[in-house]
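Participant: Here it is, the structure in full.
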Amino acid sequence: MTAPARAVESSQALDRGLRLLALLADAERGLSVSELADGLGTSRAVVYRLVTALEAHAMVRRPADGRVRLGLGLLDLARRVLPELREAARGPLRELAERAGATAHLTVLDGGDALAVAVVEPSWTDFHVAYRVGTRHPVDRGAAGRAILLGRRPAVGDDVAVTAGELQPGAHGVAAPVRDVPGLEASVGVVALAGLDAGRVGPAVVEAAAAVARRLV
């Protein structure tokens, strides 16, 4: 086999491996080898080779039921990405928190949940929401989660999610999706104990989300 042919074969195997991981990410109960072969449009023999290679690096696992699931090795990779996300978000979140007078946060999609990975509280307010890193909630509730779902649609102007009392009585949220960052579904938003003027705060949130995206690409 010539060098160009080996390069093409290696590239194809990498592409299939990444697509396999994407299929498993959308399957809560895992997938059988046959289901993976159908999803990839390839043979069971090819899937077995891919699974064996990924299993050696803890990227996938095969419990006793034989169904292939994502492996814990992916968690280690994810943990290494979080510092980069937080660093990219720190400046835009600080500016947003001060402008809005509300707690600003970067939230990412984690399975079916919205997970807060960076939080900045305003320095000049007497009272603000204590929204902690690690806070999670269903992605279809709360401004942060709803904004992540908005990011799956084409942008329409200053597209923001606005909620009141969905996660905590008396808490109000405004959030915008972080767009155009491959592999990332996330939002930037603010949460406050008083009502937020979406017409004033919304553009600032959209601007902060765009600033985070620029720092990640």
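Participant: For segment 125-146, how many residues are more than 12 Å from residue 191 (Cβ to Cβ) and either hydrophobic (A, V, I, L, M, F, W, C) or at pLDDT below 90 (or both)?
Facilitator: 5
Participant: Of the conditions (1) small (Gly, Ala, Ser); (2) assigned to a helix (DSSP H, G or I); (3) without any contact (Cβ under 8 Å) to a residue 40 or more places away in the chain, residue 58 fails just one. Which one is it?
Facilitator: Single failed check for residue 58: (2).
Participant: For segment 193-207, enumerate the residues that are open to solvent by 10 Å² or more (accessible area, probe 1.4 Å), touching a strand residue (DSSP E or B) at 6+ places or on another chain (Cβ under 6 Å) and hydrophobic (A, V, I, L, M, F, W, C).
Facilitator: Matches in segment 193-207: 196, 198, 206.
Participant: Exactly one condition in (1) out of contact with any Phe, Trp or Tyr (no Cβ under 7 Å at 6 or more places or on another chain); (2) on the phi < 0 side of the Ramachandran plot is not met by residue 193; state its number.
Facilitator: (1)
The values are calculated or read from the model by the stated rules, or taken from the named source; none is laboratory data. Bear in mind that the values here come from a model prediction, so they are computed numbers and not experimental data. Note that each Cβ is placed from the backbone with ideal geometry, even for glycine, and that neighbours are counted across all protein chains shown. Side chains included, ligands, DNA and RNA excluded: accessible areas come from the protein's heavy atoms. Shrake-Rupley method; radii C 1.70, N 1.55, O 1.52, S 1.80 Å.
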